[in-house]
Amino acid sequence: MDKPFAITLDPGSSLANHTGSWRTSRPVYVDRLPPCNAGCPAGENIQEWLFHAEGGDYEAAWQALIANNPMPAVMGRVCYHP
């Protein structure tokens, strides 16, 4: 019996097609910095001050922002941020 044009595989076990159970595979977690922290040319901890700002603690966010950069407004305008 001829197969339709788009189907070239015989029906059978999914193990032959490598589409069966993936329980043998485990995810690999890599501990890395977020791209904004790793790519910041000023070395600011962006994740920290965004955490504070998201929680509504804007004073702590501001203090975290100016801890490494005393002029964040200027940096925000001239930075070529990736």
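Structure above, values below:
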{"quantity": "Cα-based Rg and Dmax for region 35-78, where Dmax is the largest Cα-Cα distance (Å)", "calculated": "10.1, 28"}
{"quantity": "Highest to lowest packing among 45-55, 26-36, scored as the average C-beta count within 10 Å", "calculated": "45-55, 26-36"}
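Throughout, read-outs are computed from the coordinates displayed, never taken from laboratory work. Just so it is clear, the model here is predicted, and its values are computed rather than measured. Positions of Cβ are generated from backbone atoms using ideal geometry, with glycine treated the same way; all protein chains shown enter the neighbour counts.
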